[in-house]
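Asks: Sharing a structure below in structure tokens format, with a few things to ask.
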């Protein structure tokens with residue numbers, strides 16, 4: 001009996017490793033599917049929220065929405081900045097499709113490419129970096145708000161750059177302001193309220209949804 005157990009030991013070890021590996025693979029696959037589905041849902045939520053901006057003078061894009069980019073922050077916070085940035089870039093592509101008329105104002109291929117890159121891919125892609133701030137401070141709520149503040153500021157910088165370098169020549173402002181001043185005023189008029197609103201929602205919802213924000217359900 002002991003001889004039989006000895007001879008079959010390698011088989012039993014391989015079986016344990018295979019079954020254990022299979023369980024791990026199934027768990028990893030389930031996690032991947034969940035991440036993709038959740039990201040798709042968040043993209044849909046963010047896109048729908050972006051369709052109903054507060055009416056204003058933002059003829060060249062932008063506008064105050066009901067936290068339309070907050071879902072991107074949440075995905076980055078839960079699944080990491082790498083996946084968060086990928087999801088945010090996809091969101092930027094969706095926004096480009098919805099705002100394609102803005103790209104059509106370009107007077108050259110180079111200008112159109114710059115608008116796509118800065119006003120859409122980079123501007124929204126940087127929101128996915130919010131997850132970098134997870135763990136930087138012990139208080140998760142503070143870290144989340146810090147991530148929102150930093151990434152929204154980076155988004156503002158992208159829009160500000162196109163306002164100075166591109167939009168001023170394509171669509172000069174009627175007030176006659178200098179391009180840097182006009183771009184600053186124009187983009188601050190919607191980015192600051194958007195930042196404050198998103199940060200406020202996170203502050204108020206973090207305590208009741210802490211386990212979700214921190215991804216406790218993923219462990």
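Asks: Check region 168-184 and report whether any residue there is crowded, with 18+ Cβ neighbours inside 10 Å and within 13 Å of residue 69 (Cβ to Cβ). Lay out the reasoning, then the answer.
Replies: Of the residues in region 168-184, the ones crowded, with 18+ Cβ neighbours inside 10 Å are 182-183.
From what is left, the residues that are within 13 Å of residue 69 (Cβ to Cβ) are none.
No, the conditions are met nowhere in region 168-184.
Asks: Checking the structure you have, find out if any residue of region 199-214 is surrounded by fewer than 16 Cβ atoms within 10 Å (Cβ to Cβ) and over 30 Å from residue 35 (Cα atoms).
Replies: No, that holds for no residue.
Asks: Between 94, 118, 144, which is surrounded by fewer than 20 Cβ atoms within 10 Å (Cβ to Cβ), within 26 Å of residue 200 (Cβ to Cβ) and in contact with a helix residue (DSSP H, G or I) (Cβ under 8 Å, 6 or more places away or on another chain)?
Replies: Result: 94 is the single residue among 94, 118, 144 that is surrounded by fewer than 20 Cβ atoms within 10 Å (Cβ to Cβ), within 26 Å of residue 200 (Cβ to Cβ) and in contact with a helix residue (DSSP H, G or I) (Cβ under 8 Å, 6 or more places away or on another chain).
Asks: Would you point out which residue out of 117, 132, 154 is assigned to a helix (DSSP H, G or I), under 29 Å from residue 101 (Cα atoms) and within 15 Å of the chain's Cα centre (by Cα)? Talk me through it step by step, then tell me what you get.
Replies: Values: 117 fails: within 15 Å of the chain's Cα centre (by Cα); 132 fails: under 29 Å from residue 101 (Cα atoms).
Answer to the selection: 154.
Asks: Okay, moving on. What's the total number of residues in region 158-191 that are more than 21 Å from residue 101 (Cα to Cα) and more than 29 Å from the chain's Cα centre (by Cα)?
Replies: Selection size over region 158-191: 4.
Values quoted throughout were computed directly from the atomic coordinates according to the rules given, and no laboratory measurement underlies them. No experiment lies behind these values; they were computed from the predicted model shown. With ideal geometry, Cβ positions are generated from the backbone for all residues, glycine too; neighbour counts draw on all protein chains shown.
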